[in-house]
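To start, I am sharing the structure in question, which I have written as structure tokens.
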Amino acid sequence: MSIKIAPSILAADFMNLAEDINMVNQSEADWFHVDVMDGVFVPNISFGMPVLKAIKKEAKKPLDVHLMIIDPDRYIENFAGLGASILTVHFEACTHLHRSLQKIKSFGMKAGVALNPHTPITNLTDIIKEIDLVCLMSVNPGFGGQSFIENTFEKVKELKSLIKKSKTSCLIEIDGGVTNKNSSKLIKCGADVLVAGNYIFKASDPKANITLLRQS
């Protein structure tokens, strides 16, 4: 399977959001990655539903929505209505993860689970067959522009082994500090989806950097 590239809208220029969305539409990217933060689960606040609605109106590619919020079950139906194709909740934020995943799927979305850098892969052993995508945080969630955590490579290998052992088709997504300097190794370890924010949107030629990631 070819690698998927998901530019993180959190790093876009919000004064020229339509322009940045159009750039992604015309690029070799596959998805829009949209981080929703509540200032409680992570020490930052991003954008809410009105902005997501505006993004969906312009986006020509699937929305990969990453909820960095407490009690995400309250909003699953809302995000389905806003057009999310993939909805990812954090393992650390879900008291009843199986129930959360089933609810996401009941609204026709793919169900993702994100793991913070310190959360072991083994926590997914009993639930991996219910997950469509695992998002491995390769930085501490909450802010863009952080340095990549090197231990992520080993976590990708471990997760890939669990997926193969379980005979599932779950995708592995990497979120945080992804550039062309680590993308090849991530793919070799088993990554399927690369999320990149500053590496794309702060570049002089964003589309060229998307292409560089795809060619990793």
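Using only the alpha carbon atoms of segment 50-151, find the Kirkwood hydrodynamic radius as the inverse mean reciprocal pair distance, in angstroms to one decimal. Kindly include the intermediate steps, with their values, before the conclusion.
Working: mean 1/r = 0.0700 Å⁻¹.
One decimal place: 14.3 Å for the Kirkwood radius.
Set the Förster radius R0 to 30 Å, insert the Cβ-Cβ distance between Lys105 and Lys61 as r into 1/(1 + (r/R0)^6), and round the FRET efficiency to 0.05. Don't skip to the answer; put the middle values down first.
Working: r = 21 Å, r/R0 = 0.70.
Plugging the Cβ-Cβ distance into 1/(1 + (r/R0)^6) gives 0.90.
Compute the label zone of Asn151 within segment 47-91: residues whose backbone N is under 19 Å from the point 7 Å along Cα-to-Cβ.
Of the residues in segment 47-91, 91 have backbone N under 19 Å from the label point off Asn151.
Would you compute, for the Cα atoms of segment 4-214, the largest minus smallest coordinate along each principal axis and list the three values in descending order, in whole Å?
43, 37, 29
Can you pick out the pairs among Lys61/Lys110; Lys61/Lys165; Lys103/Lys129 whose Cα atoms lie more than 22 Å from each other? Write out the running numbers ahead of the final one.
On the way: Lys61/Lys110 15 Å; Lys61/Lys165 32 Å; Lys103/Lys129 15 Å.
In this structure, Lys61/Lys165 lie more than 22 Å apart at Cα.
Please sort 152-162, 191-201 by packing, taking for each peptide the average over its residues of neighbouring beta carbons within 10 angstrom, highest first. Don't jump to the answer; show the numbers that get you there.
On the way: 152-162: 18.1, 191-201: 24.5.
Top to bottom by mean Cβ count within 10 Å: 191-201, 152-162.
Sticking with this structure for a sec: About its Cα centre, how strong a charge dipole does segment 68-216 have in debye, to the nearest 20, once Lys and Arg get +1 and Asp and Glu get -1 at the Cβ?
Values: 18 positive and 14 negative charges, 102 e Å.
For segment 68-216, the charge dipole is close to 480 debye.
Working out 0.36 nm times the residue gap between Lys129 and His96, then minus their Cα-Cα distance, what length gain in nm do you get to one decimal? Intermediate results must be reported in sequence, preceding the final value.
Working: separation 33, 0.36 × 33 = 11.88 nm, distance 1.56 nm.
Additional length available on full extension: 10.3 nm.
I would also like to ask the following. Based on DSSP H runs of at least 4 residues, each adding -39500 (n - 2.57), what is the mean residue ellipticity at 222 nm of the chain after dividing by all its residues, to the nearest 500 deg cm²/dmol? Present the calculation step by step, with values, prior to reporting the outcome.
Values: 8 runs with 71 residues, N = 216.
So the calculated ellipticity at 222 nm is -9000 deg cm²/dmol.
Under a point spin-label approximation (7 Å from Cα along Cα-to-Cβ), what is the Val40-Phe14 distance to one decimal in nm?
About 2.0 nm separates the two model spin labels.
Rounded to the nearest 5, what % of DSSP beta bridges with both residues in the chain are antiparallel?
Values: 1 of 34 bridges.
Just about 5 percent of them are antiparallel.
Could I ask something else about it? What is the distance, in nm, between label points placed 7 Å from the Cα along the Cα-to-Cβ direction at Lys167 and at Ile70?
Using points 7 Å along Cα→Cβ, the separation is 4.2 nm.
Counting other beta carbons within 10 Å of each residue's own, what order do Lys185, Lys164 fall into, fewest first?
Values: Lys185 14, Lys164 10.
If I rank by nearby Cβ atoms, fewest first, I get Lys164, Lys185.
Which of the trypsin sites (Lys or Arg not before Pro) found in segment 12-71 are in a DSSP loop and have at most 13 neighbouring Cβ atoms, other than their own, within 10 Å? Don't skip to the answer; put the middle values down first.
On the way: sites: Lys53, Lys56, Lys57, Lys60; in loops: Lys60.
Here the trypsin sites (Lys or Arg not before Pro) that fit, given the DSSP loop and packing criteria, are Lys60.
How much net charge surrounds Ala84 when only other residues with a Cβ under 12 Å from its Cβ are counted (Lys, Arg +1; Asp, Glu -1)? Numbers along the way, then the final one.
Values: positive: Lys53, Lys56, Lys110; negative: Asp64, Glu77.
Result for the neighbourhood of Ala84: +1.
How many angstrom separate the Cα center of segment 127-164 from the Cα center of segment 1-77?
So the separation of the two Cα centres works out to 19 Å.
Throughout, read-outs are computed from the coordinates displayed, never taken from laboratory work. All of these numbers come straight from a predicted model, not from anything done at the bench. Neighbour counts run over all protein chains shown; Cβ positions are idealised from the backbone, glycine included.
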